[in-house]
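The structure appears below as structure tokens.
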Amino acid sequence: MNVWQFMLHHHAEVAELTLQHLWLVAVSTALAVLIGIPLGILIARRPVLNKPILGSANIIQTIPSLALFGFLLPAPWIGERADRLAILALTLYALLPLIRNTYTGIKGVDPAVVEAGRGMGMTDSQLLWQVQLPLALSVIVAGVRVAAVISVGLATIAAAIGAGGLGEYIFRGLAMVNNQVILAGAIPAAGLAILADVSLGWLERRLSPR
Amino acid sequence: MTDPADNVAVEFRNVSYHLNGTRELLHNVSITVRRGETLVLLGRSGSGKTTTLKLINHLLEPSEGEILVNGQSTREWDVIRLRRMIGYVIQEVGLFPHFNVARNIGLVPQIEDWPVSRIQQRVEELMQLVGLDRQLASRYPRELSGGQRQRVGVARALAADPPILLMDEPFGALDPITRAELQREFLALQKRLQKTVVFVTHDLREALLLGTRIALIESGRLVALHTPEEFLYSKEAMVAAYVDAFGFESDLRKRGQP
Ligand SMILES: Nc1ncnc2c1ncn2[C@@H]1O[C@H](COP(=O)(O)OP(=O)(O)OP(=O)(O)O)[C@@H](O)[C@H]1O
Ligand SMILES: [Mg+2]
């Protein structure tokens with residue numbers, strides 16, 4: 001039985017695991033957007049916070065994913081359910097590209113344009129919402145894209161703590177020494193990664209100024 | 001010279017500006033801009049003209065001395081209110097690349113929370129005033145010619161009908177014909193609107209044509225302040241040098257008319 005026959009035969013399970021996987025990635029990326037963009041804005045406006053915040057996000061990135069899952073296990077409420085745990089870990093990993101891209105996006109806006117806004121009498125928040133964020137948007141979306149693609153890959157490891165997703169097949173296949181089963185997890189995961197990359201890449205180009 | 005206080009829109013009192021406390025970009029400048037006049041700041045590249053303008057709308061803060069706008073120091077003004085009563089035409093235009101022409105022109109009314117219909121009406125009015133085809137309203141700055149962009153910059157500065165206008169080489173980088181056309185339109189406009197204008201240029205001809213008075217700036221110093229006629233025939237070395245540099249001495253001076 002080749003991998004395609006396997007997937008066809010287990011199509012209901014493949015679909016369920018793919019949806020689980022998508023759920024983990026979507027929720028964690030959304031949370032990272034909600035947290036990372038404000039943090040990126042914050043450090044663009046308060047340079048003193050730049051080092052501590054970017055530094056922390058950087059350090060989180062260096063923690064091996066399995067270890068991070070382990071560290072978070074004792075956390076109250078979060079540790080109770082594997083999917084919560086996985087989402088938290090994935091969110092933490094996704095923060096760095098979002099904070100960093102929001103920051104560089106805002107800093108990359110032509111200073112002359114920002115000064116023009118000031119000269120017109122715009123307040124700081126009018127500048128942020130009407131000038132800086134719109135002009136930084138494509139760079140921020142590029143951060144979302146990086147975060148989402150990384151998340152699709154990392155989420156396979158979430159199966160190790162029982163959070164489900166396409167990692168189930170990969171771990172099961174490893175245990176069974178069965179390449180077909182591994183591929184039944186790896187192929188849809190790769191598909192999701194390409195989908196995220198292409199769709200967000202398209203959005204990024206749509207939003208880029210000029 | 002002294003002006004009655006209510007006749008003065010902007011006053012520089014012994015203003016110096018140092019960059020990061022070191023390089024001096026402006027040195028001890030004192031000058032008054034009278035209500036309704038067009039004061040031209042003339043000077044070569046890097047002399048400090050843009051710096052002088054940015055001190056008026058407090059994009060820069062003077063290192064020494066003070067600038068009074070309507071009798072109040074720019075340090076004491078609510079900076080947002082100050083800037084909204086001063087129209088600013090930025091060198092190299094400075095339009096927002098992500099706003100179309102209509103949004104660019106309507107920016108100050110929009111941040112002043114005018115109702116949408118009134119903004120629309122005002123934008124149409126202004127486009128007509130500066131000679132922009134109304135079909136351009138939905139275009140983006142990158143889709144305009146240099147001359148059209150400069151007209152948009154002027155329209156944007158006029159949008160909320162500010163009593164004071166700062167114009168930083170608004171007609172620079174244009175072909176001589178378009179430039180002359182815009183200068184004529186400016187004169188006609190100024191006759192009607194009677195704004196207080198501080199107009200920056202390095203072009204002597206433009207200064208003579210548009211200025212009520214001309215202030216010559218050299219290396220951050222105000223070296224002369226004259227009416228166009230006085231300026232043209234001044235014997236002061238630096239003024240004469242500037243006039244000579246434009247090749248005016250041969251033709252215009254001899255003929256005795258600007
Ligand atoms: N942010 C800055 N950093 C370093 N130097 C600056 C800065 N702003 C202005 N300068 C310098 O200050 C001097 C005056 O600048 P300013 O922009 O006022 O000149 P300008 O008269 O407007 O010249 P131009 O006609 O070329 O626009 C120049 O020598 C310029 O290089
Ligand atoms: Mg300049």
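The values are calculated or read from the model by the stated rules, or taken from the named source; none is laboratory data. These numbers come from a predicted model, not from an experiment. Every residue, glycine as well, gets a Cβ built from its backbone with ideal geometry; the counts of neighbours run over all protein chains shown. All accessible areas refer to the heavy atoms of the entire protein, side chains included, with ligands and DNA or RNA removed. Shrake-Rupley method; radii C 1.70, N 1.55, O 1.52, S 1.80 Å.
For this structure, a couple of remarks:
- Looking across the range B:76-91, not a single residue is more than 11 Å from chain A (Cβ to nearest Cβ) and of a type in the set (Lys, Arg).
- On inspection, B:ARG205 qualifies as within 16 Å of ligand 1 (Cβ to nearest atom), open to solvent by 20 Å² or more (accessible area, probe 1.4 Å) and free of Cβ contacts under 8 Å to residues at least 60 places away in the same chain.
- Every test in (1) touching a helix residue (DSSP H, G or I) at 6+ places or on another chain (Cβ under 8 Å); (2) surrounded by fewer than 18 Cβ atoms within 10 Å (Cβ to Cβ); (3) closer than 17 Å to A:ALA44 by Cα is passed by A:ALA160 save one, and that test is (3).
- When each of A:PRO52, A:PRO64 is tested for being under 30 Å from A:ALA190 (Cα atoms), free of Cβ contacts under 8 Å to residues at least 24 places away in the same chain, of a type outside the set (Gly, Ala, Ser) and away from chain B (no Cβ under 14 Å), the lone residue that passes is A:PRO64.
- Pair list, Cβ under 8 Å, 6 or more apart: the range A:186-204 residue within 17 Å of A:THR29 (Cβ to Cβ) and modelled with pLDDT under 95, other residue open to solvent by less than 60 Å² (accessible area, probe 1.4 Å) and of a type in the set (D, E, K, R): none
- The set of residues in the range A:177-210 that are within 14 Å of another protein chain (Cβ to nearest Cβ) and either in a helix (DSSP H, G or I) or open to solvent by 70 Å² or more (accessible area, probe 1.4 Å) (or both) comprises A:ARG206, A:LEU207, A:ARG210.
- Complete set of residues in the range B:89-102 that are touching a residue at least 60 places away in the same chain (Cβ under 8 Å), within 14 Å of ligand 1 (Cβ to nearest atom) and surrounded by 18 or more Cβ atoms within 10 Å (Cβ to Cβ): B:VAL89, B:ILE90, B:VAL93
- Considering the range B:149-189, the residues that are more than 16 Å from ligand 1 (Cβ to nearest atom) and not in a helix (DSSP H, G or I) include one that is farthest from the other protein chains (Cβ to nearest Cβ), namely B:ASP175.
- Where a residue in the range B:42-60 is more than 13 Å from every other protein chain (Cβ to nearest Cβ) and more than 15 Å from B:SER16 (Cβ to Cβ) and its partner, wherever it lies, is within 6 Å of ligand 1 (Cβ to nearest atom) and modelled with pLDDT of 95 or more, with Cβ under 9 Å and at least six apart: B:LEU42/B:LYS49; B:GLY43/B:LYS49
- For the range B:5-60, filtered to residues that are of a type in the set (Gly, Ala, Ser) and away from ligand 1 (no atom under 11 Å from the Cβ), the residue that is farthest from B:TRP77 (Cα to Cα) is B:GLY21.
- Top-ranked residue in the range B:61-72 [being in contact (Cβ under 8 Å) with a residue 60 or more places away in the chain and open to solvent by less than 30 Å² (accessible area, probe 1.4 Å); ranked as farthest from ligand 1 (Cβ to nearest atom)]: B:LEU68
So that you can scan it fast, the table gives a plain yes or no per residue for (1) more than 16 Å from ligand 2 (Cβ to nearest atom); (2) within 26 Å of B:ARG139 (Cα to Cα):
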{"site": "B:ILE56", "(1), (2)": "no, no"}
{"site": "B:LEU60", "(1), (2)": "no, no"}
{"site": "B:ARG83", "(1), (2)": "yes, no"}
{"site": "B:GLY94", "(1), (2)": "no, yes"}
{"site": "B:PRO97", "(1), (2)": "yes, yes"}
{"site": "B:ASN104", "(1), (2)": "yes, yes"}
{"site": "B:GLU112", "(1), (2)": "yes, yes"}
{"site": "B:SER117", "(1), (2)": "yes, yes"}
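- Residue match in the range B:92-107 (condition: at the interface with another protein chain (Cβ under 8 Å from one of its Cβ atoms) and in a helix (DSSP H, G or I)): yes
This table checks each residue for (1) surrounded by fewer than 18 Cβ atoms within 10 Å (Cβ to Cβ); (2) away from every other protein chain (no Cβ under 14 Å).
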| position | (1), (2) |
| --- | --- |
| B:GLY36 | yes, yes |
| B:THR74 | no, no |
| B:TRP114 | yes, no |
| B:LEU132 | no, yes |
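- Scanning the range A:91-113 for residues that are assigned to a helix (DSSP H, G or I) and facing another protein chain (nearest Cβ under 10 Å), we see that the one that is modelled with the highest pLDDT is A:VAL113.
- Members of the range B:21-41 that are farther than 24 Å from B:HIS202 by Cβ and either without any contact (Cβ under 8 Å) to a residue 40 or more places away in the chain or within 16 Å of ligand 2 (Cβ to nearest atom) (or both): B:THR22
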